[in-house]
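Have a look at the structure below before the remarks.
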Amino acid sequence: QVQVVESGGGLVQPGESLRLSCSVSGTIYMVDAMAWYRQAPGKQRELVAMITEGLATNYADSVKGRFTISRDNVKKMIFLEMNSLEPEDTAVYYCNADLTQSRFGVRRVYWGQGTQVTVSS
């Protein structure tokens with residue numbers, strides 16, 4: 001069994017910051033890439049940022065320079081530091097992890113339940 005749990009969402013005003021956390025636990029052999037996605041009302045889920053086991057990163061153009069993804073491989077956690085938040089960043093933010101549960105197991109992506117981020121004055 002694998003659990004992916006996000007935390008840190010909330011209501012902030014435009015220009016403020018938030019830090020999201022995501023932890024992965026359970027029977028895990030190796031975690032490869034992990035990522036943050038978001039889904040705003042009426043829109044498709046979109047990639048926000050991803051980070052590999054080797055700490056290579058990739059960001060959506062809309063968040064470059066404002067958001068920073070980081071990772072703690074020992075704790076199996078990732079973080080998303082979000083600065084200069086805008087109303088357009090309002091969404092449910094989801095974490096996912098691409099992992100294997102055993103040495104010869106199949107890689108599979110696991111998703112968390114999401115955390116709400118609301119940016120409003």
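Along the range 49-65 the Karplus relation, 6.51 cos²θ - 1.76 cosθ + 1.60 evaluated at θ = phi - 60°, assigns HN-Hα couplings of 7, 9, 9, 8, 4, x, 6, 6, 10, 8, 10, 5, 4, 5, 10, 4, x Hz to successive residues, with x for each Gly and Pro. Computed about its Cα centre, the charge dipole of the chain is approximately 400 debye, with only Lys, Arg, Asp and Glu carrying charge at their Cβ.
For the range 97-109, backbone phi angles converted through the Karplus equation (6.51, -1.76, 1.60; θ = phi - 60°) give residue-by-residue couplings of 9, 9, 8, 10, 9, 8, 4, 10, x, 7, 6, 8, 9 Hz, Gly and Pro being listed as x. By the Cα gyration tensor, the chain has an equivalent ellipsoid whose semi-axes, rounded to whole angstrom, run 26, 14, 12 from largest to smallest. Whose amide H sits under 5 Å from the amide H of Glu16, counting only residues 5 or more places off or on another chain, with H placed in the peptide plane? Residues meeting the criterion, in which the H sits 1.01 Å from N, are Leu85.
For Lys76, no residue has an amide H sitting under 5 Å from its own, ignoring neighbours fewer than 5 places away on the same chain, with H placed 1.01 Å from N.
Straight-distance candidates among the lysines for linking to Lys64, with alpha-carbon spacing under 25 Å and chain neighbours fewer than 8 residues away dropped: Lys43, Lys76.
Over the chain, with the other protein chains present, what is the accessible area per residue in square angstrom, probe 1.4 angstrom? Please report the intermediate quantities before stating the final value.
Details: 6690 Å² over 121 residues.
Value for the chain: 55 Å² per residue.
The residue among Leu47, Asn96, Gly26 whose Cα reaches farthest toward the positive pole of the charge dipole of the chain, with charges on the beta-carbon of Lys, Arg, Asp and Glu, is Gly26.
The values are calculated or read from the model by the stated rules, or taken from the named source; none is laboratory data. None of these values were measured; they are calculated from a predicted model. Glycine also receives a Cβ, built like all others from the backbone with ideal geometry; neighbour counts cover every protein chain displayed. When the accessible area is computed, the model is the full protein with side chains, heavy atoms only, and any ligands, DNA or RNA have been set aside. Shrake-Rupley method; radii C 1.70, N 1.55, O 1.52, S 1.80 Å.
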